[in-house]
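Take a look at the structure set out below.
Just so it is clear, none of the values below were taken in a lab; they were calculated from the coordinates. This is a predicted model, so every value here is computed, not measured. As a convention, Cβ positions derive from the backbone with ideal geometry for all residues, glycine included, and neighbour counts pool all protein chains shown.
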Amino acid sequence: LLCRKAGTHRALQNIGGIANVTLVGDTLDSVVAFDNGPGNMALDAVARAASAGREAFDMDGARAARGHIDSTLLTELHQHPYLAHPLPKSTGRELFGRDFAYPLLGRYEKRLDDLLATLTRFTAEAIARSYRELLPAPPDEVYVSGGGALNLTLMRHLADLLAPIPVATSAALGIDPKAKEAIAFAVLANETLFGRPGNVPAATGASGPRVLGKMTF
């Protein structure tokens, strides 16, 4: 409704705790949506550990930029079974939360910036990999929202991995990267209020269009 452009396939990539993408084309039937994999959840856990709790996240991706990517760990992370799971799929804290991050913190206790650098690269690679393996065709444009859009190191990795596809934040569409999900829920509420379906069956595996939720007065 808000981000469609005729003749253009746009990937609306959100990077919050989990990374998720919505591919928007000309029709509702062409929409593809799923969780790519980890987002900021593990990155934030490492940033807190590296700063002894003083930092809630890696500001601008500065710690990741200082660290060195561990190629052995990067290869290991790509073995996570979720990445190879077919559509439809979604994930959350149960796969990429504490149980994912804490063992890595123990292994890399003396190299936390390196761990952060590697996890940041992995987050970007998991997104790029999902585009290659799960989207019907490469998107024409990518717009990033969520806290990850403010991580300059993560954005640089995405631009590098997805080139020549242009990568920008959702601000280029007039949507504050920190507000996109709030706007999306407002749109869903509006559709429910007017009795219109708000789901995308192709994305969730639902048997058909449905009006979502209920209104309580």
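Overview of results
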quantity: Within region 10-175, percent of DSSP bridges classed antiparallel, to nearest 5; calculated: 60 percent
quantity: Reach of Lys214 by Cα under 28 Å, taken over lysines that are not fewer than 8 positions away in the same chain; calculated: Lys89, Lys178, Lys180
quantity: Gap separating the Cα centres of region 1-73 and region 102-165, nearest whole Å; calculated: 7 Å
quantity: Paramagnetic reach from Met215 (point 7 Å along Cα→Cβ, amide N under 12 Å) across region 190-208; calculated: 190-196
quantity: Net dipole in debye of the chain [+1 Lys, Arg Cβ; -1 Asp, Glu Cβ; about Cα centre; nearest 20]; calculated: 300 debye
quantity: Built amide H within the under 5 Å cut-off of Leu23, gap 5+; calculated: Leu12, Val32, Ala33
quantity: Neighbour net charge for Ala65 - beta-carbon separation under 14 angstrom, K R +1, D E -1; calculated: -1
